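The values are calculated or read from the model by the stated rules, or taken from the named source; none is laboratory data. Please read all numbers here as calculations on a predicted model, not as lab measurements. We place every Cβ from the backbone using ideal geometry, glycine too, and count neighbours over all the protein chains shown. In case anyone asks, the SASA skips ligands and DNA or RNA and just uses the protein heavy atoms, side chains included. Shrake-Rupley method; radii C 1.70, N 1.55, O 1.52, S 1.80 Å.
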Amino acid sequence: MIIIMKSHATKKQIEDVISWVESVGYRAHPSTGVERTIIGAIGDKRDKEILQYAETLPGVEKTMPILKPYKLASHEAHEGNTEVSVGSIKIGGPEFVVIAGPCAIESKEQLLKSARVVKKGGAQVLRGGAYKPRTSPYSFQGMEEDGLKILKQVGMKAKLPTVTEVVSPADVDLVESYADMLQIGARNVQNFPLLKKVGHSRRPVLLKRGMMTTIEELLMSAEYILSEGNPNIVLCERGIRTFETATRNTLDISAVPVLKGLTHLPVIVDPSHAAGDWRYVIPLSRAAIAVGADGIIVEVHPQPEKAFSDGAQSLKPEKFYQLMEELKAITSVMKH
Ligand code: PEP
Ligand code: MN
(Lines give C-alpha, C1' and ligand atoms only; values in the text may rest on other atoms or scores of the structure.)
(Ligands and ions follow the chains in the order given, each with its own letter.)
Protein backbone atom coordinates (compact mmCIF):
# COMPACT_ATOMS: atom_id res chain seq x y z
CA MET A 1 0.00 0.00 0.00
CA ILE A 2 1.24 3.48 -0.83
CA ILE A 3 -0.02 6.43 1.19
CA ILE A 4 0.18 9.74 -0.62
CA MET A 5 0.30 12.78 1.68
CA LYS A 6 -1.26 16.11 0.73
CA SER A 7 1.22 18.64 -0.65
CA HIS A 8 0.79 20.84 2.42
CA ALA A 9 0.88 18.04 4.98
CA THR A 10 2.78 19.07 8.07
CA LYS A 11 5.80 17.26 9.47
CA LYS A 12 3.68 16.24 12.46
CA GLN A 13 0.97 14.77 10.22
CA ILE A 14 3.59 12.75 8.32
CA GLU A 15 5.09 11.48 11.57
CA ASP A 16 1.63 10.55 12.89
CA VAL A 17 0.88 8.53 9.76
CA ILE A 18 4.23 6.73 10.04
CA SER A 19 3.57 5.86 13.68
CA TRP A 20 0.07 4.66 12.85
CA VAL A 21 1.37 2.42 9.99
CA GLU A 22 3.88 0.87 12.41
CA SER A 23 1.26 0.50 15.13
CA VAL A 24 -0.84 -1.77 12.85
CA GLY A 25 2.10 -4.05 12.09
CA TYR A 26 3.60 -2.68 8.85
CA ARG A 27 6.95 -1.08 8.10
CA ALA A 28 6.75 2.53 6.91
CA HIS A 29 9.06 3.75 4.13
CA PRO A 30 8.65 7.49 3.69
CA SER A 31 9.98 9.19 0.60
CA THR A 32 10.02 12.96 0.43
CA GLY A 33 9.70 14.63 -2.96
CA VAL A 34 9.69 18.31 -3.93
CA GLU A 35 5.90 18.52 -3.84
CA ARG A 36 4.85 15.90 -1.33
CA THR A 37 5.74 12.87 0.75
CA ILE A 38 4.65 9.36 -0.02
CA ILE A 39 4.79 6.56 2.52
CA GLY A 40 5.11 2.92 1.50
CA ALA A 41 3.47 0.53 3.98
CA ILE A 42 5.26 -2.80 3.63
CA GLY A 43 4.13 -6.08 5.17
CA ASP A 44 3.44 -9.59 4.02
CA LYS A 45 -0.26 -9.59 4.80
CA ARG A 46 -2.27 -9.50 1.60
CA ASP A 47 -5.39 -8.39 3.40
CA LYS A 48 -4.47 -4.76 3.74
CA GLU A 49 -7.97 -3.56 4.51
CA ILE A 50 -6.85 -1.95 7.74
CA LEU A 51 -4.48 0.32 5.81
CA GLN A 52 -7.39 1.93 4.01
CA TYR A 53 -8.12 3.63 7.30
CA ALA A 54 -5.09 5.81 6.48
CA GLU A 55 -7.28 7.76 4.02
CA THR A 56 -9.09 9.24 7.00
CA LEU A 57 -5.94 10.46 8.80
CA PRO A 58 -5.14 14.21 8.73
CA GLY A 59 -2.81 15.20 5.89
CA VAL A 60 -3.47 12.10 3.76
CA GLU A 61 -4.57 12.64 0.15
CA LYS A 62 -5.17 9.03 -0.90
CA THR A 63 -3.96 5.45 -0.66
CA MET A 64 -3.09 3.05 -3.45
CA PRO A 65 -2.80 -0.75 -3.22
CA ILE A 66 0.34 -2.27 -4.75
CA LEU A 67 -0.78 -5.89 -5.04
CA LYS A 68 -3.96 -7.18 -6.64
CA PRO A 69 -6.46 -8.49 -4.07
CA TYR A 70 -6.59 -11.87 -5.84
CA LYS A 71 -3.59 -14.15 -5.86
CA LEU A 72 -4.35 -17.66 -7.17
CA ALA A 73 -6.26 -16.29 -10.16
CA SER A 74 -3.41 -14.00 -11.18
CA HIS A 75 -0.51 -14.71 -13.51
CA GLU A 76 1.91 -14.45 -10.58
CA ALA A 77 0.46 -17.70 -9.12
CA HIS A 78 0.56 -19.72 -12.32
CA GLU A 79 2.97 -19.80 -15.22
CA GLY A 80 1.35 -20.00 -18.65
CA ASN A 81 -2.37 -20.47 -19.17
CA THR A 82 -4.60 -22.99 -17.49
CA GLU A 83 -6.33 -25.56 -19.66
CA VAL A 84 -9.55 -26.84 -18.16
CA SER A 85 -10.71 -30.35 -19.08
CA VAL A 86 -14.40 -31.02 -19.52
CA GLY A 87 -14.60 -34.71 -20.27
CA SER A 88 -12.12 -35.14 -23.11
CA ILE A 89 -12.40 -31.49 -24.23
CA LYS A 90 -9.86 -28.87 -23.20
CA ILE A 91 -10.87 -25.22 -22.78
CA GLY A 92 -8.02 -22.70 -22.81
CA GLY A 93 -5.83 -24.63 -25.24
CA PRO A 94 -5.27 -24.05 -28.94
CA GLU A 95 -8.82 -25.04 -29.91
CA PHE A 96 -11.75 -22.60 -29.83
CA VAL A 97 -14.46 -24.48 -27.94
CA VAL A 98 -18.18 -24.14 -28.61
CA ILE A 99 -20.63 -25.08 -25.86
CA ALA A 100 -24.17 -25.21 -27.21
CA GLY A 101 -27.65 -26.37 -26.36
CA PRO A 102 -30.98 -25.14 -25.10
CA CYS A 103 -31.41 -22.74 -22.23
CA ALA A 104 -33.48 -25.32 -20.35
CA ILE A 105 -33.98 -29.06 -20.57
CA GLU A 106 -37.67 -29.42 -21.41
CA SER A 107 -38.02 -33.11 -22.32
CA LYS A 108 -35.86 -36.01 -23.44
CA GLU A 109 -37.02 -35.53 -27.01
CA GLN A 110 -36.16 -31.81 -27.00
CA LEU A 111 -32.67 -32.40 -25.61
CA LEU A 112 -32.01 -35.31 -27.98
CA LYS A 113 -32.97 -33.15 -30.96
CA SER A 114 -30.80 -30.30 -29.63
CA ALA A 115 -27.83 -32.62 -29.05
CA ARG A 116 -28.04 -33.93 -32.60
CA VAL A 117 -27.86 -30.36 -33.90
CA VAL A 118 -25.00 -29.48 -31.53
CA LYS A 119 -23.05 -32.57 -32.60
CA LYS A 120 -23.75 -32.15 -36.31
CA GLY A 121 -22.63 -28.51 -36.18
CA GLY A 122 -19.34 -29.60 -34.57
CA ALA A 123 -19.70 -28.09 -31.09
CA GLN A 124 -17.78 -29.87 -28.33
CA VAL A 125 -19.92 -29.52 -25.18
CA LEU A 126 -23.69 -29.78 -24.59
CA ARG A 127 -25.42 -27.24 -22.35
CA GLY A 128 -28.89 -27.41 -20.79
CA GLY A 129 -30.32 -26.06 -17.55
CA ALA A 130 -32.20 -28.24 -15.07
CA TYR A 131 -32.34 -25.56 -12.36
CA LYS A 132 -33.36 -22.24 -13.90
CA PRO A 133 -32.87 -19.03 -11.94
CA ARG A 134 -35.79 -17.07 -13.39
CA THR A 135 -36.62 -13.43 -12.76
CA SER A 136 -40.26 -14.38 -12.22
CA PRO A 137 -41.41 -17.11 -9.83
CA TYR A 138 -44.20 -17.88 -12.33
CA SER A 139 -41.73 -18.75 -15.15
CA PHE A 140 -40.60 -22.32 -15.86
CA GLN A 141 -38.16 -23.25 -13.08
CA GLY A 142 -36.54 -26.29 -14.70
CA MET A 143 -36.98 -30.07 -14.51
CA GLU A 144 -34.49 -30.44 -11.63
CA GLU A 145 -33.28 -34.02 -11.06
CA ASP A 146 -35.43 -35.43 -13.89
CA GLY A 147 -33.71 -32.95 -16.18
CA LEU A 148 -30.28 -33.97 -14.90
CA LYS A 149 -31.07 -37.60 -15.71
CA ILE A 150 -32.02 -36.63 -19.25
CA LEU A 151 -28.85 -34.54 -19.59
CA LYS A 152 -26.66 -37.46 -18.58
CA GLN A 153 -28.40 -39.93 -20.90
CA VAL A 154 -28.38 -37.58 -23.87
CA GLY A 155 -24.79 -36.47 -23.30
CA MET A 156 -23.66 -40.09 -23.26
CA LYS A 157 -25.69 -40.95 -26.32
CA ALA A 158 -24.35 -37.99 -28.30
CA LYS A 159 -20.83 -38.48 -26.88
CA LEU A 160 -20.76 -34.87 -25.68
CA PRO A 161 -19.61 -33.73 -22.24
CA THR A 162 -22.25 -31.65 -20.46
CA VAL A 163 -22.54 -28.43 -18.49
CA THR A 164 -25.49 -27.40 -16.35
CA GLU A 165 -26.20 -24.74 -13.77
CA VAL A 166 -26.26 -25.29 -10.03
CA VAL A 167 -28.01 -22.63 -7.95
CA SER A 168 -27.73 -23.91 -4.41
CA PRO A 169 -24.91 -25.39 -2.31
CA ALA A 170 -27.32 -28.16 -1.27
CA ASP A 171 -27.63 -29.34 -4.90
CA VAL A 172 -23.91 -29.44 -5.80
CA ASP A 173 -23.37 -33.13 -4.94
CA LEU A 174 -26.44 -34.15 -6.91
CA VAL A 175 -25.62 -32.00 -9.96
CA GLU A 176 -22.00 -33.13 -10.11
CA SER A 177 -23.11 -36.76 -10.11
CA TYR A 178 -24.88 -36.14 -13.45
CA ALA A 179 -22.94 -33.41 -15.27
CA ASP A 180 -19.33 -32.95 -16.39
CA MET A 181 -19.14 -29.22 -15.61
CA LEU A 182 -20.95 -27.00 -13.09
CA GLN A 183 -22.20 -23.60 -14.20
CA ILE A 184 -22.46 -20.76 -11.71
CA GLY A 185 -24.81 -18.27 -13.31
CA ALA A 186 -24.69 -14.50 -13.38
CA ARG A 187 -27.09 -14.21 -10.46
CA ASN A 188 -24.94 -16.40 -8.24
CA VAL A 189 -21.50 -15.00 -8.99
CA GLN A 190 -21.30 -13.64 -5.46
CA ASN A 191 -23.16 -16.47 -3.73
CA PHE A 192 -20.16 -17.16 -1.52
CA PRO A 193 -21.44 -20.39 0.13
CA LEU A 194 -22.06 -21.77 -3.39
CA LEU A 195 -18.60 -20.69 -4.60
CA LYS A 196 -17.00 -22.37 -1.58
CA LYS A 197 -18.99 -25.54 -2.14
CA VAL A 198 -18.00 -25.89 -5.82
CA GLY A 199 -14.45 -25.17 -4.66
CA HIS A 200 -14.56 -28.68 -3.18
CA SER A 201 -16.07 -30.27 -6.26
CA ARG A 202 -14.18 -32.64 -8.54
CA ARG A 203 -15.92 -31.00 -11.51
CA PRO A 204 -14.70 -27.98 -13.49
CA VAL A 205 -16.68 -24.78 -13.01
CA LEU A 206 -18.04 -22.36 -15.60
CA LEU A 207 -18.19 -19.07 -13.69
CA LYS A 208 -20.30 -16.39 -15.34
CA ARG A 209 -19.77 -12.72 -14.70
CA GLY A 210 -22.72 -11.12 -12.95
CA MET A 211 -24.64 -8.36 -14.67
CA MET A 212 -23.31 -5.90 -12.10
CA THR A 213 -19.91 -7.31 -11.23
CA THR A 214 -16.64 -5.66 -12.12
CA ILE A 215 -13.82 -7.67 -13.63
CA GLU A 216 -12.01 -7.53 -10.30
CA GLU A 217 -15.08 -8.83 -8.47
CA LEU A 218 -15.36 -11.70 -10.97
CA LEU A 219 -11.74 -12.61 -10.29
CA MET A 220 -12.36 -12.44 -6.55
CA SER A 221 -15.24 -14.90 -7.04
CA ALA A 222 -12.87 -17.20 -8.95
CA GLU A 223 -10.44 -16.77 -6.05
CA TYR A 224 -13.09 -18.18 -3.66
CA ILE A 225 -13.27 -21.38 -5.74
CA LEU A 226 -9.50 -21.60 -6.26
CA SER A 227 -8.74 -21.04 -2.59
CA GLU A 228 -10.98 -23.99 -1.64
CA GLY A 229 -8.88 -26.22 -3.89
CA ASN A 230 -10.63 -26.44 -7.27
CA PRO A 231 -8.24 -25.14 -9.96
CA ASN A 232 -10.54 -25.83 -12.92
CA ILE A 233 -12.45 -22.64 -13.65
CA VAL A 234 -13.55 -21.14 -16.95
CA LEU A 235 -14.64 -17.49 -16.79
CA CYS A 236 -17.51 -16.24 -18.93
CA GLU A 237 -18.40 -12.74 -20.08
CA ARG A 238 -22.18 -12.74 -20.65
CA GLY A 239 -23.03 -9.07 -20.86
CA ILE A 240 -23.45 -6.50 -18.14
CA ARG A 241 -26.28 -4.13 -17.35
CA THR A 242 -25.80 -0.64 -18.71
CA PHE A 243 -28.06 2.29 -19.66
CA GLU A 244 -28.53 0.74 -23.12
CA THR A 245 -31.87 -1.00 -23.64
CA ALA A 246 -31.56 -2.08 -27.29
CA THR A 247 -30.03 -5.37 -26.19
CA ARG A 248 -30.80 -7.47 -23.11
CA ASN A 249 -27.34 -6.70 -21.70
CA THR A 250 -24.26 -5.00 -23.11
CA LEU A 251 -21.53 -7.43 -24.14
CA ASP A 252 -18.35 -6.11 -22.55
CA ILE A 253 -16.08 -7.49 -25.24
CA SER A 254 -13.08 -5.67 -23.78
CA ALA A 255 -13.43 -7.86 -20.68
CA VAL A 256 -11.86 -10.69 -22.71
CA PRO A 257 -8.43 -9.12 -23.37
CA VAL A 258 -8.51 -7.43 -19.95
CA LEU A 259 -9.11 -10.77 -18.21
CA LYS A 260 -6.47 -12.46 -20.37
CA GLY A 261 -4.00 -9.89 -19.15
CA LEU A 262 -4.90 -10.45 -15.50
CA THR A 263 -5.50 -14.19 -15.20
CA HIS A 264 -4.30 -17.56 -16.45
CA LEU A 265 -7.88 -18.92 -16.44
CA PRO A 266 -9.67 -19.51 -19.76
CA VAL A 267 -12.23 -16.91 -20.82
CA ILE A 268 -15.29 -17.58 -22.95
CA VAL A 269 -18.17 -15.41 -24.17
CA ASP A 270 -21.93 -15.96 -23.99
CA PRO A 271 -23.38 -13.93 -26.88
CA SER A 272 -26.91 -15.27 -26.27
CA HIS A 273 -27.51 -13.79 -22.82
CA ALA A 274 -25.58 -10.66 -23.78
CA ALA A 275 -27.81 -9.94 -26.77
CA GLY A 276 -31.14 -11.45 -25.78
CA ASP A 277 -31.90 -11.65 -29.51
CA TRP A 278 -30.79 -14.43 -31.89
CA ARG A 279 -30.07 -11.90 -34.66
CA TYR A 280 -27.03 -10.57 -32.80
CA VAL A 281 -25.63 -13.92 -31.71
CA ILE A 282 -23.59 -14.62 -34.86
CA PRO A 283 -22.00 -11.13 -35.06
CA LEU A 284 -21.12 -11.19 -31.36
CA SER A 285 -19.65 -14.69 -31.71
CA ARG A 286 -17.42 -13.41 -34.51
CA ALA A 287 -16.27 -10.66 -32.17
CA ALA A 288 -15.57 -13.21 -29.42
CA ILE A 289 -13.26 -15.36 -31.52
CA ALA A 290 -11.53 -12.33 -33.03
CA VAL A 291 -10.89 -10.73 -29.64
CA GLY A 292 -9.14 -13.84 -28.33
CA ALA A 293 -11.78 -15.71 -26.33
CA ASP A 294 -11.18 -19.41 -25.71
CA GLY A 295 -14.70 -20.29 -26.73
CA ILE A 296 -18.37 -19.39 -26.62
CA ILE A 297 -21.52 -20.75 -24.99
CA VAL A 298 -24.60 -20.35 -27.19
CA GLU A 299 -28.24 -21.24 -26.87
CA VAL A 300 -29.62 -23.47 -29.61
CA HIS A 301 -33.15 -24.90 -29.72
CA PRO A 302 -34.84 -27.16 -32.28
CA GLN A 303 -37.91 -24.89 -32.14
CA PRO A 304 -37.08 -21.57 -30.46
CA GLU A 305 -40.63 -20.36 -30.99
CA LYS A 306 -41.78 -23.05 -28.55
CA ALA A 307 -38.92 -22.78 -26.02
CA PHE A 308 -39.84 -22.68 -22.33
CA SER A 309 -37.12 -20.08 -21.73
CA ASP A 310 -34.92 -17.71 -23.72
CA GLY A 311 -36.49 -18.59 -27.08
CA ALA A 312 -35.87 -15.12 -28.51
CA GLN A 313 -32.12 -15.49 -28.15
CA SER A 314 -31.90 -19.16 -29.19
CA LEU A 315 -30.54 -20.06 -32.61
CA LYS A 316 -32.52 -22.33 -34.92
CA PRO A 317 -30.53 -25.32 -36.20
CA GLU A 318 -29.76 -23.71 -39.60
CA LYS A 319 -28.49 -20.53 -37.96
CA PHE A 320 -26.34 -22.59 -35.63
CA TYR A 321 -24.80 -24.43 -38.58
CA GLN A 322 -24.11 -21.07 -40.22
CA LEU A 323 -22.43 -19.85 -37.03
CA MET A 324 -20.20 -22.92 -36.90
CA GLU A 325 -19.18 -22.46 -40.56
CA GLU A 326 -18.32 -18.81 -39.95
CA LEU A 327 -16.26 -19.67 -36.88
CA LYS A 328 -14.31 -22.23 -38.91
CA ALA A 329 -13.57 -19.62 -41.56
CA ILE A 330 -12.41 -17.08 -38.96
CA THR A 331 -10.25 -19.70 -37.23
CA SER A 332 -8.43 -20.45 -40.47
CA VAL A 333 -7.84 -16.74 -41.15
CA MET A 334 -6.54 -16.21 -37.61
CA LYS A 335 -4.00 -19.02 -38.00
CA HIS A 336 -2.32 -17.13 -40.86
C1 PEP B 1 -28.19 -19.50 -18.70
O2 PEP B 1 -27.05 -19.86 -19.05
O3 PEP B 1 -29.24 -20.00 -19.18
C4 PEP B 1 -28.30 -18.38 -17.76
C5 PEP B 1 -29.34 -18.27 -16.93
O6 PEP B 1 -27.29 -17.52 -17.87
P7 PEP B 1 -26.91 -16.22 -16.99
O8 PEP B 1 -26.65 -16.74 -15.64
O9 PEP B 1 -25.70 -15.69 -17.70
O10 PEP B 1 -28.09 -15.29 -17.06
MN1 MN C 1 -30.76 -18.93 -20.86
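Filter the stretch 165-182 down to the residues that are open to solvent by 10 Å² or more (accessible area, probe 1.4 Å) and within 19 Å of residue 134 (Cβ to Cβ) and list them by number. Break it down stepwise before answering.
If we filter the stretch 165-182 for residues that are open to solvent by 10 Å² or more (accessible area, probe 1.4 Å), which is where we start, we get 165, 167-171, 173-174, 176-178, 180.
Of everything in the stretch 165-182, those that are open to solvent by 10 Å² or more (accessible area, probe 1.4 Å) and within 19 Å of residue 134 (Cβ to Cβ) turn out to be 165, 167, 168, 170, 171.
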- Note on the structure: The lone condition residue 219 fails out of (1) open to solvent by less than 30 Å² (accessible area, probe 1.4 Å); (2) in contact (Cβ under 8 Å) with a residue 60 or more places away in the chain; (3) within 16 Å of ligand 1 (Cβ to nearest atom) is (3)
- Query: Looking at 198, 163, 189, 172, which one is among the aliphatic types (A, V, I, L, M), within 22 Å of the chain's Cα centre (by Cα) and closer than 18 Å to residue 301 by Cβ?
  - Reply: 163
- Message: Six or more apart or on different chains, Cβ atoms under 8 Å: show the pairs whose first residue is in the stretch 114-140 and assigned by TED's automatic domain parsing to the domain that holds residue 154 and whose second is open to solvent by 20 Å² or more (accessible area, probe 1.4 Å) and assigned to a strand (DSSP E or B).
- Response: 124/89; 125/89
- Message: Given the criteria closer than 21 Å to residue 313 by Cβ and open to solvent by 40 Å² or more (accessible area, probe 1.4 Å), does residue 162 qualify?
- Response: no
- So residue 55 clears everything in (1) charged (D, E, K, R); (2) in a helix (DSSP H, G or I); (3) under 30 Å from residue 157 (Cα atoms) except one condition, right? Which one? (3)
- Query: If you take the residues of the stretch 27-42 that are of a type outside the set (Ser, Thr, Tyr), open to solvent by 90 Å² or more (accessible area, probe 1.4 Å) and out of contact with any strand residue (DSSP E or B) (no Cβ under 8 Å at 6 or more places or on another chain), which of them is nearest to residue 64 (Cα to Cα)?
  - Reply: 35
- Identity of the residue in the stretch 58-97, out of contact with any helix residue (DSSP H, G or I) (no Cβ under 7 Å at 6 or more places or on another chain) and of a type in the set (Val, Ile, Thr), that ends up farthest from residue 127 (Cα to Cα): 66
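How many residues, within the stretch 280-319, are away from ligand 1 (no atom under 16 Å from the Cβ) and more than 21 Å from residue 267 (Cα to Cα)? Step through it out loud before you land on a result.
Narrowing the stretch 280-319 to residues away from ligand 1 (no atom under 16 Å from the Cβ): 282-283, 286-287, 289-292, 294, 302-303, 305-306, 316-319.
Within this subset, residues satisfying the condition of being more than 21 Å from residue 267 (Cα to Cα) are 302-303, 305-306, 316-319.
Total satisfying the criteria: 8.
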- Conditions (1) within 16 Å of ligand 2 (Cβ to nearest atom); (2) more than 24 Å from the chain's Cα centre (by Cα); (3) among the hydrophobic types (A, V, I, L, M, F, W, C); number of the one not met by residue 300: (2)
- Query: Under 7 Å by Cβ, and 6 or more places apart or on different chains, what pairs join a residue from the stretch 71-94 that is over 14 Å from residue 293 (Cα atoms) and open to solvent by 50 Å² or more (accessible area, probe 1.4 Å) with one that is charged (D, E, K, R) and assigned to a loop (DSSP other than H, G, I, E, B)?
  - Reply: 71/46; 77/71; 87/180
- Item | Yes/no for residue 85 being assigned to a helix (DSSP H, G or I) and closer than 20 Å to residue 270 by Cα | no
- Query: Within the group 166, 172, 198, 154, which residue is touching a residue at least 40 places away in the same chain (Cβ under 8 Å) and either within 16 Å of ligand 1 (Cβ to nearest atom) or within 28 Å of residue 107 (Cα to Cα) (or both)?
  - Reply: 154
